Amino acid sequence: MASVNVHCTRCNSAQVYRHGQNPKGHDSFSCRDCHRVFQLTCAYEARKPGVKELIIEMAFNGAWVCDIARTLKIGINTVIRTLKNSRHDG
Ligand SMILES: [Zn+2]
C-alpha cells in the first residue's frame, strides 16, 4: 500500500497509511507506529481566524497544496476546499 503525505496526529510519525473512509466520506488514516486511527478533515483548524487567509495568501504566492497543508498542519482537502470557495471573487 502506498504511503501518504500525512503525519500521525498523536506521535507525528510519517508511517501513516490510508485506512479507509468513515461513513461521512472522510479519509481515515492509520499510524503504523502507535496504531492510532484518525481522520484528516481538520475542519477545526480551518475554522480558526486567519487560517483561510493564510491558505489563500500562500497559494497566491505559489505554494503547493501539499506545502500549505503541511505548513499549517491542516488537511489537504481543507486547503483545496478553501481555495475553491475563495474563487468566487477571482
Ligand atoms: Zn502515531
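Summary table
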| item | result |
| --- | --- |
| Checking Lys48 against (1) within 16 Å of the ligand (Cβ to nearest atom); (2) modelled with pLDDT under 90, the condition it does not meet | (1) |
| All positions within region 70-87 that are within 20 Å of Cys11 (Cα to Cα) and in contact (Cβ under 8 Å) with a residue 24 or more places away in the chain | Arg70, Leu72, Lys73, Ile74, Gly75, Ile76 |
| Subset of region 8-23 that is of a type outside the set (A, V, I, L, M, F, W, C) and without any contact (Cβ under 8 Å) to a residue 12 or more places away in the chain - its residue that is nearest to the ligand (Cβ to nearest atom) | Asn12 |
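The values are calculated or read from the model by the stated rules, or taken from the named source; none is laboratory data. None of these values were measured; they are calculated from a predicted model. For neighbour counting, all protein chains shown are included, and Cβ atoms are generated from backbone atoms with ideal geometry for every residue, glycine included.
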